[in-house]
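Derivation of every value follows stated rules applied to the coordinates shown; laboratory data play no part. Keep in mind it's a predicted model, so treat the numbers as computed, not measured. Ideal geometry is used to build each Cβ from the backbone, glycine not excepted, and the neighbour counts take in all protein chains shown.
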Amino acid sequence: MTGSTDAADSPERTPENADSHAPGTDTPAAPASASKAPKRKHGVLRKVLIVVAIVVVLLVVLYFVMVTFVARSYLIPSEAMEPALHGCSGCVDDHVIVNKLTYRFSSPQPGDVIVFKAPPAWNPVGYKSENDLVKRIIAVGGQTVECRVSTGLTVDAKPLTEPYLDPATMMVDPAVYPCLGPEFGPVKVPDGRLWVMGDNRTHSADSRAHCTNTPADAQRRLLCTGDPMAGTVSVDNVIGKVRFIAWPPSRWGEVGSVNPQSGH
């Protein structure tokens, strides 16, 4: 007798014993996660690039805000402020940080070392193509500055104390040549203006070099007795106060104010 095979005796095709090969091929089907991996990597890389671009833009904006409104680095180009600031052949010129906010909350004072935009009539000697200069404030608006051999440099008829002057640097002893150049003044500094001088007096083209002279006094080698405007600097031209020497490392330190009118 021919028997029939009971359906229960035939193994069922279940997910566990089903052929894992794709129909009509011997190659296993690729996992879905493998095809998504390159897309995931590209997405992560795109996000990283976006974040980097945003950071770069923010840093550029921050830099321009800093140099425009807060602080800026300047290279000292000459020896006019030696020995406080180095700018000499054979040495590494100082790079200084200038605080541009100081005079938004206060007024320039005698003894401050400042960077300022030179008046148009002054020689264009400064930082690169800019006519920005660095000097020390000696007198402010309303004060009278002059120098005589008999008294030395005075403001409002009071002799100044200037510890930042170095005879070796100037190659002249102030005790022997009190004016460190020709006698000048009296000059009454106009309101809103400043009389500025370099610490290296014998090598500094400062207010003395740009003042106007009356012919009769000039013949007697007495300078700066003419119009006081030409030899003074407008407060509005002041860029900021020199605060630190940032480079070279051996010169790191604060650039302090020394008020010559008070001796400290």
Given a Förster radius of 51 Å and the C-beta distance between residue 259 and residue 50 as r, what FRET efficiency does 1/(1 + (r/R0)^6) yield to the nearest 0.05? 0.45
More than 21 Å apart - percent of Cα-Cα pairs taken over the stretch 170-264: 47
Please turn the phi angles of the stretch 89-101 into ³J(HN,Hα) values with the Karplus equation 6.51 cos²θ - 1.76 cosθ + 1.60 (θ = phi - 60°), one per residue in order, whole Hz, x for glycine and proline. 5, x, 10, 7, 4, 5, 10, 10, 9, 9, 7, 8, 8
If I model a spin label at residue 173 and residue 57 as a point 7 Å from the Cα along the Cα→Cβ vector, what separation in nanometres do I get? 6.7
Nearest 5 is fine: what % of DSSP beta bridges in the stretch 74-254 come out antiparallel, could you say? 95
Given a Förster radius of 41 Å and the C-beta distance between residue 101 and residue 157 as r, what FRET efficiency does 1/(1 + (r/R0)^6) yield to the nearest 0.05? 0.75
Dimensions in Å of the stretch 74-254 - Rg and Dmax from alpha carbons: 15.8, 51
Can you work out the FRET efficiency for the pair residue 89 and residue 217, with r the C-beta to C-beta distance and R0 = 30 Å, to the nearest 0.05? 0.25
Over the stretch 74-254, what is the mean sequence separation of C-alpha contacts under 8 Å (at least six apart), divided by residue count, expressed as relative contact order in percent? 28
Show the residues, 5+ positions off or on another chain, whose built amide H is closer than 5 Å to the amide H of residue 138. 111, 195, 196, 197
